[in-house]
Each structure stands twice: as structure tokens, then as C-alpha cells.
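Each remark here refers to the structure printed beneath this line.
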Amino acid sequence: RTVIAPGMAVWPPQLRNLRGIPSALYVRGSPYALSRRLVAVVGTRHPSARGQRAAASIAAAVAMRNVGVVSGLAYGVDLAAHEAALDAGGMTVAVLAHGLDSVYPKEHAPFAAMFALRKGAVVSEHPDGVPVSRQRLMLRNRITSALSIGVVVVETSPSGGTMHCARFALAQGRPVAVVRPDDPSGLDVTGADALLTMGAVRARSPGDVVAALGLAKGGAP
């Protein structure tokens, strides 16, 4: 485990101008993973089957372009994105809302350990002993979005926690792509439609996500 702070060479450059910058980050795995090109793939904890497949397809498309996937290790879309990135041979970063001496949800502890072993990282702004809370879950989204070059919202309701991540991203000047196919059958697009009115970009396919975030030519980590 590593503790990094603003001003250190290993501090992620994406966070230097973050409003509400953490005084430190606690990292399990590679702290250098935080400075790589990352795309946030986020969404509901209770996705439809179609949303689950979309999250996996998008994360795989990102990973195959040598770009990491960052998310929150939650049930549903988050975990599908983390797993798909690894399955595609990529790396992934999980941003937690509590100290690294625990994992929430606890069933995902094996995945957190795997991320660190695969040149990725699990990161938190909180020291050991700090428990998860609704407020901390909301605030960790500002770090998730700031670490990324763009945020992809797969499925959410207008009142879902994922909306916090999207709003933080828009305020930080990060592009936000939302999955919104022409035929939305079986997919909750209510949050996507709300975000489209706020400046998000519509994505009908993983290819649209790649284009919207400027990943079409791949790139160095």
C-alpha cells in the first residue's frame, strides 16, 4: 500500500486542478495506474441484461485501445466494466468510498485484490478505519470522473447515484457519453435522456463511445 499526496511526482496530473482535491490518496497496487489514460464506465447497480452487456462491450473496446477503465467496484455496471477490461487484457482502477482495510461490497474483495495484481489499482482518499457512507459514495465520484478522460454512463435513472459522477464530469470539462440506442427496448434510458439535455453525447454503440472520447486511434498509456 502506498500513500501519495499533491506535489509528489507520482500524484496524478489529472487531479492537480480538482476542486476539493484530497489531501492524500491511499493506493493498493500501482500508483502509476492513476496517471494512465482512463475512461470511467459507470451505471446502475441493478442493470438490465442489455445494460450489463453494453457495459462489458464498452469496457472491452476501451481496454483494447490500451486505455484503462476506472469505476467504483459496485454491483452491476461497475463490476461488469472492471471484469470486461481485465478479460480484454487491459487494466482497471477502482475508486472506493472508505478506507482500504475493507471493501464494499465485501463480496468484491477478491476482485480488488486482482486489480492490484494486474497492474491496476484500488484507491481511496480515506485512511483505514473510515467506513462507507452515502456522502462518501457521492463524493468519490468527483475523483472517478477527474481521473478519467471521459465518462460513459451505461444505464441509470435520473435520481441514481451515477448522475453524480456525470455531473462532476461535466463540471470538470470531461466529455460524457451516454448509452442511448434508437430502440431502447429492455434498457432504462431515463437517466440518459436527462443527461442529453445537460450536454452529454449520445452513444448508440461502443464505436460511438470510442469516437466521442477520441480513442479511435488508440494511443499510449
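Each value in this text was obtained by applying a stated rule to the coordinates, not by laboratory testing. What you see is a predicted model; the values in this text were computed from it and never measured. Because the Cβ atoms are built from the backbone with ideal geometry, glycine has one as well, and the counts that use them run over all protein chains shown.
The 3J(HN,Hα) values that the Karplus relation (6.51, -1.76, 1.60; θ = phi - 60°) gives for the stretch 166-178 are, in residue order, 5, 5, 4, 4, 4, 5, 8, x, 8, x, 10, 10, 10 Hz. Gly and Pro appear as x. Helices in the chain, meaning DSSP H runs of at least 4 residues, each add -39500 (n - 2.57). Divided by all residues, the mean residue ellipticity at 222 nm is -10000 deg cm²/dmol.
The phi-based Karplus calculation (6.51 cos²θ - 1.76 cosθ + 1.60; θ = phi - 60°) puts the 3J(HN,Hα) values of the stretch 22-29 at x, 6, 6, 10, 9, 10, 10, x Hz, whole numbers, x for Gly and Pro. Estimated from the Cβ-Cβ distance and a Förster radius of 41 angstrom, the FRET efficiency linking ASP101 and SER185 is about 0.40.
Sorted from longest to shortest, the spans of the Cα atoms of the stretch 36-110 along the three principal axes equal 32, 30, 17 Å.
Residues whose amide H falls under 5 Å from that of LEU187, counting only those 5 or more places apart or on a different chain, are absent, with hydrogens built in the peptide plane.
Based on the reciprocal of the average 1/r between different C-alpha atoms, the Kirkwood radius for the stretch 90-221 equals 16.0 Å.
Maximal additional length on extending the ALA211-ALA49 stretch stands at 55.9 nm, based on 0.36 nm per residue less the C-alpha distance. Note that the stretch 66-82 has calculated 3J(HN,Hα) couplings of 6, 10, x, 10, 10, 7, x, 6, 7, 4, x, 4, 4, 5, 4, 5, 4 Hz, one per residue in order, obtained from phi through the Karplus relation 6.51 cos²θ - 1.76 cosθ + 1.60 (θ = phi - 60°); glycine and proline are x. Measuring from centroid to centroid over Cα atoms, what is the spacing of the stretch 54-115 and the stretch 140-180 in Å? The stretch 54-115 and the stretch 140-180 have Cα centres separated by 16 Å.
Here the convex hull built on the C-alpha positions of the chain has a volume of 104 cubic angstrom per residue.
Dimensions of the stretch 126-193 based on its C-alpha atoms, expressed as ranges along the principal axes with the largest first, amount to 46, 24, 15 Å. Within the set of other residues whose C-beta is less than 14 Å from the C-beta of MET198, count the net charge using Lys and Arg as +1 and Asp and Glu as -1. Counting the neighbours of MET198, the net charge comes to +3.
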